[in-house]
Amino acid sequence: MEARPRPELFDFHGVGMIKEFTENWDNIQNFKARADDILIATYPKAGTTWVSYILDLLYFGHMGPDRQTSIPLHDRVPFLELCEPPLPLGTDLADKLPTTPRLIKTHLPVQFVPKSFWEQRCRVVYVARNAKDNAVSYFHFERMDSGMPEPGDWSTFLLNFMEGKMVFGSWYDHVNGWWEKKQIYSNFHYMFYEDLIECLHFVNKHFAPKERVKASATFDNMKQNKMTNYSTFDTMNQTISPFMRKGKVGDWKNHFTVAQNEQFDEDYKQKMKNPDLKFHYEI
Ligand code: A3P
């Protein structure tokens with residue numbers, strides 16, 4: 001079978017997008033959120049799958065192991081803006097979800113979120129990840145997912161990331177836009193990937209490796225679990241880079257050169273002026 005060409009990034013109301021996330025736009029904008037929906041919002045590669053899985057276990061773990069072994073996570077937690085035939089539309093999947101509360105995933109920048117989520121006062125969980133690890137993870141993801149634009153080499157990709165020429169736009173605008181929303185919308189939990197990792201390290205601290213937490217939401221378990229590791233997704237070539245790649249804080253140090261790091265830090269200072277929004281780059 002002939003490989004499909006990679007999608008092209010284009011400007012969509014000031015945000016980089018591909019048609020797989022804009023073609024269903026009217027249905028997305030008119031989506032009818034319900035008051036008990038939970039919106040899981042992230043910039044791509046910030047830990048969406050991890051937090052989706054934890055919330056699914058919290059709400060529906062009692063339904064028994066079949067749910068965990070037979071329904072892919074992306075069917076349990078629909079990706080609202082996804083429009084990539086032959087996959088079902090994200091909006092349709094969400095409309096048909098049999099469970100309550102509905103857990104719905106989005107990567108949209110805050111200004112694009114359908115207004116019904118705000119009108120219904122839905123709970124929102126935003127997960128943010130430090131820019132450097134987020135960029136590295138996004139780079140490897142674009143390498144392995146033919147449903148995304150061609151990333152180019154690492155230095156090209158990093159410059160594009162700094163310029164915000166990415167699918168779902170600029171990381172800087174995304175994390176700041178959602179942070180500002182949190183100041184005016186109270187039904188909102190803004191959390192950090194690094195905090196979750198730190199929490200796991202903390203609870204595992206006194207144990208030898210083989211006694212460590214075996215809970216199903218650990219990286220190793222999710223990597224093995226076909227329902228959470230995206231091995232059911234055709235566009236992803238896990239031999240190029242696995243979806244569950246490393247799951248670490250600080251892997252950016254294996255990618256950034258000293259010069260890239262200096263340039264990145266300088267640029268970061270210009271773009272991230274809000275002193276309240278702070279990230280950890282190592283733990
Ligand atoms: P890496 O590429 O750095 O390994 P998203 O779900 O938003 O696409 O994010 C994917 C990133 O989250 C990947 O990062 C992946 O390994 C990491 N991740 C997924 N599950 C995880 C877990 N249980 N623990 C730690 N990291 C996890």
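The values are calculated or read from the model by the stated rules, or taken from the named source; none is laboratory data. Because the structure is a prediction, the values reported are computed rather than measured. Note: ideal-geometry Cβ built from the backbone for every residue, glycine included; neighbour counts use all protein chains shown. Just so you know, the surface numbers come from the protein's heavy atoms only, side chains and all, with ligands and any DNA or RNA stripped out. Shrake-Rupley method; radii C 1.70, N 1.55, O 1.52, S 1.80 Å.
General observations
- Per the Kirkwood formula applied to alpha carbons, the chain shows a radius of gyration over Rh ratio, Rg over Rh, of 0.94.
- Heavy-atom accessible area with a 1.4 Å probe sorts His206, His13, largest first, into His206, His13.
- Between Asp145, Asp234, Asp92, the residue with the greatest mean-square fluctuation in the GNM of the chain (Cα pairs under 10 Å linked by springs) is Asp234.
- Antiparallel DSSP beta bridges within the chain, as percent of all bridges there, nearest 5: 20 percent
- Choice from Ala135, Ala215, Ala41 with maximal GNM fluctuation in the chain (Cα, 10 Å cutoff): Ala215
- For Asp75, solvent-accessible area (1.4 Å; no DNA, RNA or ligand), Å²: 60 Å²
- Across the range 154-254 the C-alpha pair distances fall into 5 Å bins from zero in the proportions 2, 9, 12, 15, 19, 19, 14, 8, 2, 0 percent.
- Net dipole in debye of the range 1-136 [+1 Lys, Arg Cβ; -1 Asp, Glu Cβ; about Cα centre; nearest 20]: 440 debye
- Among Leu80, Met227, Trp25 the positive-end extreme of the charge dipole of the range 10-271 (Cβ point charges): Met227
- Pairwise FRET efficiency - Asn204 versus Trp118, Cβ, R0 = 45 Å, nearest 0.05: 0.70
- Between Ala35, Ala259, Ala94, the GNM of the chain built on Cα springs shorter than 10 angstrom shows Ala259 fluctuating the most.
- Across Lys132, Lys115, Lys253, the residue with the most accessible area heads the list, and the full order at a 1.4 Å probe is Lys115, Lys253, Lys132.
- Projecting the Cα atoms of Val51, Leu89, Gln120 onto the charge dipole of the range 44-173 (Cβ charges, centred on the Cα centre) puts Gln120 farthest toward the positive pole.
- 10 Å binning of all Cα-Cα separations within the range 135-175, expressed as whole percents from 0 upward: 32, 60, 9
- Computed over neighbours whose Cβ is under 14 Å from that of Ser70, the net charge equals 0, Lys and Arg +1, Asp and Glu -1.
- Cross-link partners of Lys246 among aspartates and glutamates (Cα-Cα below 13 Å; sequence separation of 8 or more within a chain): Asp133, Asp220
- Per residue, the convex hull volume that the Cα atoms of the range 1-124 enclose (Å³): 121 Å³
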